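The values are calculated or read from the model by the stated rules, or taken from the named source; none is laboratory data. Because the structure is predicted, anything quoted here is derived from the model rather than measured. Every residue, glycine among them, receives a Cβ derived from its backbone with ideal geometry; neighbour counts consider all protein chains shown. Heavy atoms of the whole protein, side chains included, go into the accessibility calculation; ligands, DNA and RNA do not. Shrake-Rupley method; radii C 1.70, N 1.55, O 1.52, S 1.80 Å.
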Amino acid sequence: MPSRTTTRAALVAMLLSGTLPSGASAAETPTGPAAGGTLTKVASFEHQVTGVTVTKDGRIFVNFPRWTEDSAVSVAEVKDGRLTPFPDAEWNAWRNARKDEVTAGDHWICVQSVVASPDGNLWVLDPAAPAMAGVVKNGPKLVEIDLKTNTPGRTIAFDEAVAPQGSYLNDVRFSPDGKTAYITDSGASGALVVVDLASGKSRRLLDGDPTTQPDKSVTVTYEGKPLRRPDGRGVEFSADGIALSPDGGTLYWQAIKGKTLYSLPTAALTGWLTSPLLPEALSDRSLSAKVETVGENGPADGLIISRKDGRMYVTSPQDDAIKVRDLSAKGSALTTLIQDKRLRWPDTFAEGPDGTLYVTTSRIQDSAFYKSDAPAALPTDLWSIGAPAADATGSTMTSPTAR
């Protein structure tokens, strides 16, 4: 009988070669243009996917937010070519219609992100705001799942001071020492959230600051036209994409309705952990003064930094593209890694243990938010793009070769 490690290795090989048996469709032979890599379909889903992560041993996890449908599965492992509800069916048993019957603290309500942590466990970020509307009471949380036993461990609940009504906690990165989590809020009032994982204490920072808000001068377009809802509203997402430098010393973020990539030393964001009172040096006004402008990305969603060379990969939804920024060259321009019409709203990145870059396409521009005749359930895909960094392992591990 093959070992568990052998079985996982075989699964990863199947995923990369496109030989999934069922449930998630087989990989496609690339047919579109690829400026800097080969685009390969890893899996297809019947529902709108956003987050993806790949663990050090090659396990792949994805999530499906409850945006325009009440999806039956929120978090799943892509296992043997099929979606397996994770960690079990009960955690995925929430239904919007059963809001008054199902407890919010131990069920997935509207999961936005899944990320593997430095110690090899899985963290799930649940903003608990179905349809990006009202936040369900006691629902916002960050949950750690022990991947050795596939059981939930720590649950860090966020109160209204951290996740107020109108918030939508979006994506998360973990410090290399596993002590701190950094989260973006892309909701009505953009912000950053810093979490001390040991104590569970959290603080909302740069709330309403211009660097975390939509840029009014930017109009997100698609196919040359402004992307708007049926009532005329355009894209309004605040701070969304987030990335952490390999040494954990610098945090990067930007709004989707924006063009500017910002950064801050993480030391400026975590000083409150050792101070009983919030000093003036950590006030939002002082933090804002320390924010640096890294450069212009244009409207972007997902961000990730390579473990090997420190380059940042950026999704460009309105260009159907993945772009690259050399962070070692201050003020350097973006270059296009790959542009392909099948990258229909490239959303979230992950990196596999061999350096393969993964990205979901969430097709936001095709959803019922922007097309009144769109189906509630929107088919989406997971893609891989070559191996841009030989020792890439995601956004949570340090590397001696990283700049």
field: Residues that are open to solvent by 10 Å² or more (accessible area, probe 1.4 Å) and without any contact (Cβ under 8 Å) to a residue 40 or more places away in the chain, drawn from region 56-86
entry: A72, V73, E77, T84, P85
statement: Per the filter on region 105-119, residues part of a loop (DSSP other than H, G, I, E, B), small (G, A, S) and either within 17 Å of V52 (Cβ to Cβ) or open to solvent by less than 10 Å² (accessible area, probe 1.4 Å) (or both) are S117
message: Please count how many residues of region 332-348 are open to solvent by 10 Å² or more (accessible area, probe 1.4 Å) and in contact with a strand residue (DSSP E or B) (Cβ under 6 Å, 6 or more places away or on another chain).
response: 7
- prompt: Of the residues that sit in region 157-199 and are touching a Gly at 6+ places or on another chain (Cβ under 9 Å), surrounded by fewer than 24 Cβ atoms within 10 Å (Cβ to Cβ) and among the hydroxyl-bearing types (S, T, Y), which one is farthest from D247 (Cα to Cα)?
  reply: S189
- request: Could you list, in sequence order, all residues of region 357-385 that are in a loop (DSSP other than H, G, I, E, B) and open to solvent by 10 Å² or more (accessible area, probe 1.4 Å)?
  value: R363, A368, F369, Y370, K371, S372, D373, A374, P375, A376, A377, P379
message: Go through (1) within 15 Å of V54 (Cα to Cα); (2) modelled with pLDDT of 95 or more for A387 and report which single condition fails.
response: (2)
task: Among the numbered conditions (1) over 23 Å from E101 (Cα atoms); (2) surrounded by fewer than 18 Cβ atoms within 10 Å (Cβ to Cβ), tell me where N138 comes up short.
output: (1)
Selection from region 322-331 of residues that are free of Cβ contacts under 8 Å to residues at least 60 places away in the same chain and surrounded by 19 or more Cβ atoms within 10 Å (Cβ to Cβ): K323
field: Complete set of residues in region 67-93 that are modelled with pLDDT of 95 or more and either under 20 Å from F369 (Cα atoms) or of a type in the set (D, E) (or both)
entry: S74, E77, D88, E90
message: Take the conditions hydroxyl-bearing (S, T, Y) and more than 20 Å from the chain's Cα centre (by Cα) and apply them to T155. Does it pass?
response: no
